[in-house]
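Asks: Pasting a structure here, questions to come.
Since every read-out is calculated from the coordinates, none of them should be taken as a lab result. Everything numeric here is computed off the predicted structure, so don't read it as measured data. Neighbour counts are summed over all protein chains in view; Cβ atoms, including those assigned to glycine, are modelled from backbone coordinates with ideal geometry.
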Amino acid sequence: MRRVLRAWRAAEYPLAERPGVGVALLGAGLVTASAFSATQGALTLGFQGSLRALFENGDPMHALLWDVRLPRILVAAVVGACLSVAGALMQTVVRNPLADPSLIGVSAGAGVAALLAILLLPGLTYALPLLAFGGAAVSSATILALSWTRVRAVGPLRIILSGVAVQAILFAVIGLLTFLYADRAPSFAAFTVGSLAGSGWRDFEIVMPAAVGGLLLAAVSVRPLDLLLLDDETSGGVGLPVRGTRLFVSAVASLLAAAAVSVAGLVGFVGLVVPNAVRLVVGPRHAALVPTCALGGALLVVLADTAARTVFAPLELPVGSLLALLGGPYFLVLLWRRLPG
Amino acid sequence: MTAPILRVERATVRVPGSTHDAVRDVCLDIERGETVALVGPNGSGKSTTLAALAGALHPRVGRVLLAGDDVRSYSRRALARLVARLPQDPATPEGVTVEHVVRFGRHAHSSTLRGTDHAGAAAVERALSLVGVADLRRRTMETLSGGERRRAWLAMILAQEAEVILLDEPTASLDLRHQLELLSLVGDLGRRLSRTVVIVLHDLDHAVQVAHRVVLLHRGRLYRHGPARDCLDADALRDVFGVRGHITADPDEPRLAIQGLADPRRRF
């Protein structure tokens, strides 16, 4: 056992050549965490109790599981997968491990659009991800344009600072909306920190098309994504239309971030924490990175949301603030290690 | 007589972000199967000319024709199947193994979904062994020495199996043995594999050894071109490089002999 651990620590990317192992481990983890989450709550069911409740129509807990806990777990998993893959894609596009949709204004752009849609077009619930995508696309285009210098790599500070500025503007807009529609302020507050409270099948139906679409597009782009690991001159030389690929990938990342935002609000840091952790294990190639990020993000948000609704029960915390408490320090560590001076 | 594989027509090229033209009014034909060395002092426009030949920079005035058509009319993919260029100093991708870098060279030949096919895998193997990095295939790029990394990049563009190969100072940061190996490989590319090679070289001696023809650039203009013996004569060495020297007479193995500064009192 000790030898295995030592070999693991010595290897640069222990699972780079065996990404299937990572996928299997994370998949098993996700199933276990989901099953655990289903048993937890105001009424703790236990494993056998849950199984019975799951399949026996007459069981008193049947409805609780099917209508409350299951859909919420599924939404948490989908939101986590979307945010995490969106983060991985953004990091590749701007060649910066600190780029995360929630840090550089992409989620905030989706959030402003989603809030406006909820206020002004309340009937269009199912179009919410698409409308949010519009907002996310505008802010990611702004950030790309601002950081699109002719130097080889976009400087790590430049992209983060442009994002911070864009984010500040968007949060000001959200603040204004909250002020103007003060009667709805409580739900706005939950939206701004990111919460899965009350998520049901309807949210699952809202998020699924955009999430599945975005994840599939990410999955079929893994080869061009790998080429974006090279500098533009080199990747262009081997035949990659660099700008077009960048635009396409940022659009996919925006779609995924928008899908998550439209059901969970501004949940942050998932796209920063998961890809950076996963990359250390499976390496930077996207055929391994995209699936492990999706599963890892799903696992993280399912666990975090389970904690959010049970730790201080009956008080329920917004999952977004838990994730920020975890992600903020992680971001500082990355910043500390990555930026010289 | 067939058309030249590459033709530069009165090209004036500016590097993006710069305020002056790095290459001015250059005309140049490159024939199929030729090995051409681009030489000149620092800042004479060698790399810029090479980038224009690769279609990576477009001339502000004039144009570059590849197999008779304007390079701008090619898609990135179609261009990459005909022309492969080794840039001067590619950024090192962290965590990517040598084998995967070499496979990137197959991008223009492979489908986005299915990736590299059998022929492609064979081309990758050939390229790995041609530049002697097969042993390094599982190493990640950032763990290699400068020279090893350079050879890995070279293997990548060889895997591209393009007809035209453009090399920007491929011998830089290589040790002596690998410099000579690389020059012999360049010779093979031309002779055995009948590729067209355009190579930017700093070392005139290397140019004399390897090239059919030398293109001498001076301050962004074409100073002179032709066989090394004629091109790099005492006048050119004095006027362009500011050194005294000549090419030794032995016609089988021409060598460059440099005696010293043309004007020893002037430094920098």
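Asks: Sum up the charges of everything whose Cβ sits under 15 Å from the Cβ of B:Glu148, counting Lys and Arg as +1 and Asp and Glu as -1, but leave B:Glu148 out.
Replies: Charge balance near B:Glu148 sits at +1.
Asks: How high is the FRET efficiency from B:Arg192 to A:Ser321, r the C-beta distance, R0 51 Å, rounded to 0.05? Provide the component values of the computation, followed by the final result.
Replies: Details: r = 67 Å, r/R0 = 1.30.
So the FRET efficiency works out to roughly 0.15.
Asks: Tell me the angle of helix B:146-159 to the major Cα principal axis of chain B, expressed in degrees between 0 and 90 and rounded to the nearest ten.
Replies: That helix lies at roughly 70 degrees to the long axis.
Asks: Just tell me, in residue order, which DSSP H segments of chain A are both 24 angstrom or longer along the helix axis (alpha-carbon based) and at least -0.5 in mean Kyte-Doolittle hydropathy.
Replies: A:19-39, A:70-93, A:128-147, A:156-180, A:201-220, A:242-264, A:286-310, A:319-338
Asks: If we restrict to alpha carbons, what Rg and Dmax does chain B come to, in Å?
Replies: Rg, Dmax (Cα atoms, Å): 18.8, 64.
Asks: Given 0.36 nm per residue, what is the gain on full extension from B:His212 to B:Glu253 after removing their alpha carbon distance, in nm?
Replies: 13.5 nm
Asks: Also, I was wondering about something else. With each label point set 7 Å from Cα along the Cα-Cβ vector, what nm distance links A:Ala277 and B:Asp70?
Replies: 5.4 nm
Asks: What is the packing order of peptides A:257-264, A:61-68, taking the mean over residues of other C-beta atoms within 10 Å and listing the highest first?
Replies: Going by the mean number of other Cβ atoms within 10 Å, highest first, we get A:257-264, A:61-68.
Asks: Mind checking B:82-92 for the average number of partner chain beta-carbons within 10 Å of each residue's beta-carbon?
Replies: Whole-number average of other-chain Cβ neighbours for B:82-92 is 4.
Asks: Take the Cβ-Cβ distance between B:Ser18 and B:Ala78 as r, set R0 to 30 Å, and report the resulting FRET efficiency rounded to the nearest 0.05.
Replies: Once rounded, the FRET efficiency stands at 0.60.
Asks: Another question, if that's okay. Simple spin-label model, 7 Å along Cα-to-Cβ: A:Glu205 to B:His118 in nm?
Replies: 5.1 nm
Asks: Now a separate question. Can you tell me what the convex hull of the Cα atoms of the stretch B:175-268 projects to on average, as an area in nm²?
Replies: 7.2 nm²
Asks: A further question follows. Quote the FRET efficiency, to the nearest 0.05, computed for A:Ala197 versus A:Ala35 with a Förster distance R0 of 22 Å and r equal to the Cβ-Cβ distance. Walk me through the numbers before you get to the answer.
Replies: Details: r = 21 Å, r/R0 = 0.97.
For A:Ala197 and A:Ala35, the calculated efficiency is 0.55.
Asks: In degrees between 0 and 90, to the nearest 10, how far off the longest principal axis of chain B does helix B:176-191 point, with axes built from Cα atoms?
Replies: 80 degrees
Asks: Continuing with the same structure: Which of the listed residues, B:Gly45, B:Ala159, B:Thr12, is farthest toward the dipole's positive end in the protein assembly as shown, when Lys, Arg count +1 and Asp, Glu count -1 at the beta-carbon?
Replies: Among B:Gly45, B:Ala159, B:Thr12, the one farthest towards the positive end of the dipole of the protein assembly as shown is B:Gly45.
Asks: Along its three principal axes, how long is the protein assembly as shown when you only count alpha carbons? Whole Å, largest extent first please.
Replies: 101, 57, 49 Å, listed from the longest principal axis down.
Asks: Roughly how crowded by other chains is peptide A:219-229, in terms of the mean Cβ count from those chains within 10 Å of each of its Cβ atoms?
Replies: 4
Asks: If N is the number of residues in the stretch A:21-169, what value comes out of its Cα radius of gyration divided by 2.2 N^0.38 Å?
Replies: In units of the 2.2 N^0.38 Å rule of thumb, it is 1.39.
Asks: Can you compute the modelled spin-label distance between A:Ser187 and B:His246, with each label point 7 Å from Cα toward Cβ, in nm?
Replies: The two pseudo-label positions are separated by 9.3 nm.
Asks: Moving on to the next point. Measuring from centroid to centroid over Cα atoms, what is the spacing of the stretch B:52-124 and the stretch A:53-86 in Å?
Replies: 48 Å
Asks: Please compute the net charge surrounding A:Val302, taking Lys and Arg as +1 and Asp and Glu as -1 over other residues with Cβ under 12 Å from its Cβ.
Replies: Combined, the nearby Lys, Arg, Asp and Glu give +2.
Asks: Here is a further query. Using the crude model of +1 on Lys and Arg Cβ and -1 on Asp and Glu Cβ, and no other charge, please compute the dipole size for the protein assembly as shown relative to its Cα centre, in debye to 20. Could you put the intermediate results ahead of the total?
Replies: Values: 60 positive and 48 negative charges, 114 e Å.
I would put it at about 540 debye.
Asks: Now for a separate question. Taking 2.2 N^0.38 Å as the expected size of a compact globular protein, what ratio does the Cα radius of gyration of chain A give against it, to two decimals?
Replies: Compactness ratio reported: 1.00.
Asks: Still on this structure, I have one more. Please report, in debye to the nearest 20, how large the charge dipole of chain A is about its Cα centre when each Lys and Arg carries +1 at its beta carbon and each Asp and Glu carries -1 there.
Replies: Computed charge dipole of chain A: roughly 1000 debye.
Asks: Would you mind working out the magnitude of the charge dipole of the stretch A:104-241 relative to its Cα centre, with +1 at each Lys and Arg C-beta and -1 at each Asp and Glu C-beta, to the nearest 20 Debye?
Replies: On the way: 6 positive and 7 negative charges, 33 e Å.
It works out to roughly 160 debye.
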